[in-house]
């Protein structure tokens with residue numbers, strides 16, 4: 001287990017062939033994004049691209065073609081992570097794990113629930 005920017009990130013075993021392994025990171029804090037990238041690469045995953053704004057991620061989704069996306073809720077630019085996720089899902093159904101440094105878990109959970117996403 002590693003702690004990156006207040007978020008718990010569990011190290012997963014090396015991916016097997018045919019299992020999701022290409023990851024896109026969408027995180028406005030570059031130092032946190034690079035921490036995620038380092039941990040994931042050490043665990044054997046390919047980090048296809050890192051973006052700091054939702055608009056960038058939406059624009060590049062077809063080109064990058066990730067298996068899964070790690071998405072911060074608050075991003076640079078006009079679009080937040082929830083809006084970006086909705087637009088990405090219209091192009092391609094890709095699993096998205098939302099990350100947030102927001103200490104108000106109830107508010108973040110409510111926001112995701114109201115947007116149609118499940119929260120843990």
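The values are calculated or read from the model by the stated rules, or taken from the named source; none is laboratory data. What you see is a predicted model; the values in this text were computed from it and never measured. Here the Cβ positions follow ideal geometry from the backbone for every residue, glycine too, while neighbour counts run over all protein chains shown.
Of all the criteria given as (1) surrounded by fewer than 16 Cβ atoms within 10 Å (Cβ to Cβ); (2) modelled with pLDDT under 90, the one not satisfied by residue 7 is (1). Does segment 25-57 hold any residues that are in contact (Cβ under 8 Å) with a residue 60 or more places away in the chain and touching a helix residue (DSSP H, G or I) at 6+ places or on another chain (Cβ under 6 Å), and which are they? If the condition is that a residue be in contact (Cβ under 8 Å) with a residue 60 or more places away in the chain and touching a helix residue (DSSP H, G or I) at 6+ places or on another chain (Cβ under 6 Å), then 27 is the only one that fits.
For every residue, the table says whether it meets (1) surrounded by fewer than 13 Cβ atoms within 10 Å (Cβ to Cβ); (2) modelled with pLDDT under 95.
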{"position": "13", "(1), (2)": "yes, yes"}
{"position": "22", "(1), (2)": "no, yes"}
{"position": "40", "(1), (2)": "no, yes"}
{"position": "43", "(1), (2)": "no, yes"}
{"position": "58", "(1), (2)": "no, no"}
{"position": "67", "(1), (2)": "no, yes"}
{"position": "85", "(1), (2)": "no, yes"}
{"position": "88", "(1), (2)": "no, yes"}
{"position": "94", "(1), (2)": "no, yes"}
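One residue stands out among those in segment 45-55 that are farther than 10 Å from residue 25 by Cβ and touching a strand residue (DSSP E or B) at 6+ places or on another chain (Cβ under 8 Å): the one that is surrounded by the fewest Cβ atoms within 10 Å (Cβ to Cβ), which is 46.
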